[in-house]
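Submitted below is the structure of interest, expressed as structure tokens.
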Amino acid sequence: MKALVYLGPGKTAFQDHPKPEIAAPTDAIVKIVKTTICGTDLHILKGDVPTCQPGRVLGHEGVGVIETIGAGVTVFKPGDRVLISCISACGKCTYCRKQMYSHCTTGGWILGNSIDGTQAEFVRIPHADTSLYPVPDGADDEALVMLSDILPTGFECGVLNGKVQPGGSVAIVGVGPVGLAALLTAQLYSPAEIIAVDLDDPRLETAMAFGATARVNSTDGKALAAVMRVTGGRGVDTAIEAVGIPATFELCEQIVAPGGVIANIGVHGTQVALHLERLWDRNITIATRLVDTVSTPRLLEIVRSRKIDPKRLITHHFKFDQILEAYETFANAADTGALKVIIEA
């Protein structure tokens with residue numbers, strides 16, 4: 001089969017790769033219909049994720065059709081259309097019993113990381129019964145691809161961890177795809193203010209179209225002052241970091257109000273300063289998380305009821321043999337205007 005293979009920092013190839021086979025009774029082999037690229041894939045290419053070794057098929061998102069199942073799979077059968085969760089969960093270990101599926105002792109974020117992922121014609125899904133979701137009749141495959149990772153990540157790591165409340169104030173630092181996913185889902189909780197902070201004016205315009213109440217271009221280094229003007233000098237109740245670099249996390253430390261929450265979404269590959277000399281007496285909560293996808297069933301219902309339209313995040317479409325072009329487009333979003341790309345296998 002053809003697959004997108006990681007060859008080391010800055011290197012990938014679209015090449016032949018062995019088709020996966022059933023390795024455990026709880027496995028399923030899924031034929032990919034549609035997949036996408038995640039910002040985390042770009043972090044892998046930068047060398048920020050040492051658990052992902054050269055030779056790995058990348059990707060952890062997608063919708064497909066089950067081709068074969070192991071003898072222990074009871075929920076699904078060949079021919080079923082399924083949503084692939086970015087997190088594999090056994091459902092039985094200590095962490096799964098706490099609904100911390102991201103730390104499953106035999107799963108977690110393994111697709112496209114420690115085992116081959118979804119940017120291929122076929123993918124092996126461990127713990128299929130608890131790591132796949134049936135695609136509802138009439139559901140849009142492209143919309144559902146956004147529920148593999150980005151929508152639950154923005155919701156769980158940003159909105160839920162950030163304790164967004166009705167009437168509260170939120171700043172989203174970084175309104176790329178995952179920041180916009182947090183913006184969409186934050187509105188389920190009716191905050192009074194959602195301030196979008198970014199270096200890129202087109203993305204800030206998109207954030208306003210998605211429901212932000214104010215925007216701050218941080219290019220001039222005066223984002224702190226701008227956020228304080230919007231909030232009357234108080235700061236925000238929830239500061240969501242959605243980039244993964246020191247400057248954006250430290251901005252969140254500066255703009256969070258007393259009693260507020262800093263909710264980290266970004267993947268950090270370098271050390272970040274924690275300014276406890278300023279924060280020690282301010283009743284601040286700092287929340288980190290790898291998405292657990294516990295919210296996926298709820299988000300499926302929300303999308304089904306059309307409370308959220310995740311297709312708004314999709315800007316580009318590619319065929320599978322154009323995946324290298326898709327990576328180039330996604331990685332150069334400032335020039336291409338890319339948010340999420342759909343790759344049709």
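Once amide H atoms are built 1.01 Å from N in the peptide plane, which residues 5 or more positions from HIS317, or in another chain, come under 5 Å H to H?
Long-range HN contacts for HIS317: ILE342.
P(r) for region 73-129, please, calculated from all Cα pair distances in 5 Å bins and given in %.
Result, from short to long distances: 4, 20, 28, 22, 19, 7, 1 percent.
Now for a different question. Convex hull over the Cα atoms of region 127-199, averaged projected area in nm²? Walk me through the intermediate numbers first.
Numbers: hull surface 24.5 nm².
If you wrap the Cα atoms of region 127-199 in a convex hull and average its projections, you get 6.1 nm².
While we're on this one: Output wanted: per-residue J couplings in Hz (rounded whole) for region 66-74, from phi through Karplus 6.51 cos²θ - 1.76 cosθ + 1.60, θ = phi - 60°, x for Gly and Pro.
Along region 66-74, the couplings run 5, 8, 9, 10, x, 5, x, 7, 10 Hz.
Using the Kirkwood formula on the Cα atoms of region 81-204, what hydrodynamic radius do you get, in angstrom to one decimal? Mind showing how you got there, number by number?
On the way: mean 1/r = 0.0621 Å⁻¹.
The answer is 16.1 Å.
Using 0.36 nm per residue of separation minus the Cα-Cα distance, give me the extension gain between ALA331 and THR288 in nm, one decimal. Intermediate results must be reported in sequence, preceding the final value.
Values: separation 43, 0.36 × 43 = 15.48 nm, distance 2.49 nm.
Full extension of this stretch gives 13.0 nm more.
Something else now. Determine by what factor the alpha-carbon radius of gyration of region 186-345 differs from 2.2 N^0.38 Å, reporting the quotient.
1.16
Something else now. Return a whole-number percent for the relative contact order of region 148-228, with Cα pairs under 8 Å and 6 or more residues apart as the contact set.
Working: 135 pairs, mean separation 21.6, N = 81.
Across region 148-228, relative contact order equals 27 percent.
Skipping prolines and chain starts, which residues have an amide H placed within reach, meaning under 5 Å, of the one on ALA257, given they are 5 or more residues away or on another chain?
Amide H to amide H, under 5 Å and 5 or more residues apart or across chains, ALA257 pairs with VAL236, ASP237.
What are the extents of the Cα atoms of region 140-243 along their three principal axes, listed from largest to smallest and rounded to whole Å?
Extents along the principal axes: 43, 28, 20 Å.
Now for a different question. Express in whole angstrom the spacing between the alpha-carbon centres of region 158-226 and region 234-279.
A separation of 14 Å, based on Cα centres.
Right, another one. For region 190-200, in order, what is each residue's ³J(HN,Hα) by Karplus, 6.51 cos²θ - 1.76 cosθ + 1.60 with θ = phi - 60°, in whole Hz (x at glycine and Pro)?
6, x, 6, 10, 10, 9, 8, 10, 6, 8, 10
With θ set to phi - 60°, apply the Karplus curve 6.51 cos²θ - 1.76 cosθ + 1.60 along region 167-182 and write out the HN-Hα couplings as whole Hz, x wherever there is a Gly or Pro.
x, x, 10, 10, 10, 10, 8, x, 10, x, x, 6, x, 5, 5, 5
Averaging over all projection directions, find the projected area of the Cα convex hull of region 280-345 and quote it in nm² with one decimal place.
Values: hull surface 31.8 nm².
Average projection, Cα convex hull of region 280-345: 8.0 nm².
Treating the Cα atoms of region 8-160 as identical point scatterers in vacuum, please give the log10 of the normalised Debye intensity I(q)/I(0) at q = 0.13, 0.14, 0.21 Å⁻¹, two decimals.
Here the Debye-derived log intensity ratios amount to -0.56, -0.66, -1.48.
Further question: Compute for the chain: radius of gyration divided by Kirkwood radius, i.e. Rg/Rh, restricted to C-alpha atoms, rounded to two decimals. Provide the component values of the computation, followed by the final result.
Details: Rg = 19.7 Å, Rh = 20.3 Å.
Result for the chain is an Rg/Rh of 0.97.
FYI, it's all coordinate maths here, none of it is from the lab. Keep in mind that what you see is a predicted model, and the values were worked out from it rather than measured.
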